[in-house]
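Written below as structure tokens is the structure these notes are about.
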Amino acid sequence: MRKYKIAAVPGDGIGPEVIEAGVEVLNAVAGLDGGFALETATFDWGSDRYRKVGRMMPEDGVDTLRGFDAIYFGAVGDPKIPDHITLWELRLAICQGLDQYANVRPTRLMPGMTGPLRPELGARIDWVIVRENSEGEYAGVGGRAHVGLPLETGIDVSVFTREGVARICRFACELAMSRPRKRLTVVTKSNAQRHGMVFWDKVCREVLADFPDLDVDFKLVDAMAALMVTRPEAIDTVVATNLHADILSDLASALTGSLGNGATANINPAEGVPSMFEPIHGSAFDIVGKGIANPIGAFWTGAMMLEDLGESDAAARLMTAIEKVTETGPRTPDLGGQAASADVTKAVLDALGG
């Protein structure tokens, strides 16, 4: 039997609630498949740990994760701790420490879901957004000067390297070629950012020359946001910088009914390096402990993890069960229902059994 070591990092807020549900569902999928098993180790890294010992995770945390096949991550963020601490000392520390340079976010209107767009527009959403995940606007380069004085200054520097841009563009091209439409939109802002984004465009065009069968267009990020709302059928696979894709992918999830449905993967394609899988809804402290967190994003994320591990049949079985539940219910309050997280989890488990 194939065995996979999974590092579960539930993190903050509703993260522990949805990851616990996700682990239960993933173990059920593995049991039904019969060909593989998951060995899960749970780490208490996050804001509660920070309050106790002053660190979100141990100094050797990234090295510890290298011994696993995949990372199943919940959420990070605490209203009582500055975001730049929680994010940079946990999620970004893992992504950058393991060079998980491709953030992949599939987006579509699941069966039974109603988004804010007119139904005929919402039904046309079937996208994958590929976000550069290691540099760009979130490279962490910059600083503060004259702190506390009237001329106090804060500087963040966007960093674009040839290798960084080339590898994310190539990753997106290969993903786009694997999809039926073979269509890629490269998002840019080179009309205003005349150095980094002009360089982004140049390197992308060099990579695109190796993919002559790909249908490609370039869109400015503001125009892209409008296109997602007005002509969703024009979009298939999207590649964008760290900041631009961060914003666009949250818009994309909102257009599908709830951020609670969204799933993402932080990928390093290199052999022997674990990738990290997380729902995108964040820590949602306003509903912590109420038992109503939407676990669909965590389940979809789990299916992406199974796919990445090579268990495609199990991933497909899980997605079928998820879609059955989104179509028929029950639904948590963010989706207009009154169900608890446990109700949705049980429904997915029942759908798997069926």
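Could you please let me know if V325 is at pLDDT 95 or above and either open to solvent by 10 Å² or more (accessible area, probe 1.4 Å) or among the small types (G, A, S) (or both)? So that I can check it myself, show each step before the final result.
Values: at pLDDT 95 or above: yes; either open to solvent by 10 Å² or more (accessible area, probe 1.4 Å) or among the small types (G, A, S) (or both): no.
When the stated conditions are applied, V325 does not pass them.
Filtered by the rule that a residue be open to solvent by 50 Å² or more (accessible area, probe 1.4 Å) and either acidic (D, E) or at positive phi (or both), region 306-322 gives E307, D308, G310, D313.
Output the helices (runs of 4 or more DSSP H) that fall wholly within region 1-118 and possess 3 or more residues being over 20 Å from P269 (Cα atoms), open to solvent by 10 Å² or more (accessible area, probe 1.4 Å) and touching a residue at least 40 places away in the same chain (Cβ under 8 Å), or say none. Outline the logic, then answer.
Values: elements: 15-33, 47-53, 61-65, 83-86, 92-97.
The helices (runs of 4 or more DSSP H) meeting that bar are 15-33.
When I235 is tested against (1) over 17 Å from Y138 (Cα atoms); (2) touching a residue at least 40 places away in the same chain (Cβ under 8 Å); (3) open to solvent by 30 Å² or more (accessible area, probe 1.4 Å), just one condition goes unmet, and that condition is (3).
So how many residues does region 150-173 have that are closer than 17 Å to I267 by Cβ and either exposed (fewer than 11 other Cβ atoms within 10 Å of the Cβ) or without any contact (Cβ under 8 Å) to a residue 24 or more places away in the chain (or both)? Spell out how you get there, then give the answer.
Initial filter on region 150-173 (closer than 17 Å to I267 by Cβ): 163-173.
This time we only want the ones that are either exposed (fewer than 11 other Cβ atoms within 10 Å of the Cβ) or without any contact (Cβ under 8 Å) to a residue 24 or more places away in the chain (or both), so: 163.
Matching residues across region 150-173 total 1.
Every residue in region 198-228 that is of a type in the set (A, V, I, L, M) and without any contact (Cβ under 8 Å) to a residue 12 or more places away in the chain, please. Passing the criteria: V198, A209, A223, A226, L227. A single member of V216, V198 is over 21 Å from N266 (Cβ atoms), part of a helix (DSSP H, G or I) and open to solvent by 10 Å² or more (accessible area, probe 1.4 Å), and it is V198.
Looking across region 331-354 at every residue that is without any contact (Cβ under 8 Å) to a residue 12 or more places away in the chain and assigned to a helix (DSSP H, G or I), the one that is farthest from the chain's Cα centre (by Cα) is identified as D350.
Could you go through region 291-305 and let me know if any residue there is open to solvent by 30 Å² or more (accessible area, probe 1.4 Å) and closer than 21 Å to A70 by Cβ. Scanning region 291-305, I find at least one residue that is open to solvent by 30 Å² or more (accessible area, probe 1.4 Å) and closer than 21 Å to A70 by Cβ, so the answer is yes.
Can you find a residue that is among the hydroxyl-bearing types (S, T, Y) and open to solvent by 50 Å² or more (accessible area, probe 1.4 Å) anywhere in region 332-350? If you could, list the steps in order and put the result at the bottom.
Start the filter on region 332-350 by keeping residues that are among the hydroxyl-bearing types (S, T, Y), which leaves 332, 341, 345.
Those left that are additionally open to solvent by 50 Å² or more (accessible area, probe 1.4 Å): none.
No, region 332-350 has no match at all.
E271 meets the conditions (1) under 26 Å from A316 (Cβ atoms); (2) modelled with pLDDT of 95 or more in every case but one. The failed one is (2).
The values are calculated or read from the model by the stated rules, or taken from the named source; none is laboratory data. Everything quoted here is computed from the prediction, not taken from an experiment. Cβ: placed from backbone, ideal geometry, glycine included. Neighbour counts: every protein chain shown. Accessible surface areas use protein heavy atoms only, side chains included; no ligands, DNA or RNA. Shrake-Rupley method; radii C 1.70, N 1.55, O 1.52, S 1.80 Å.
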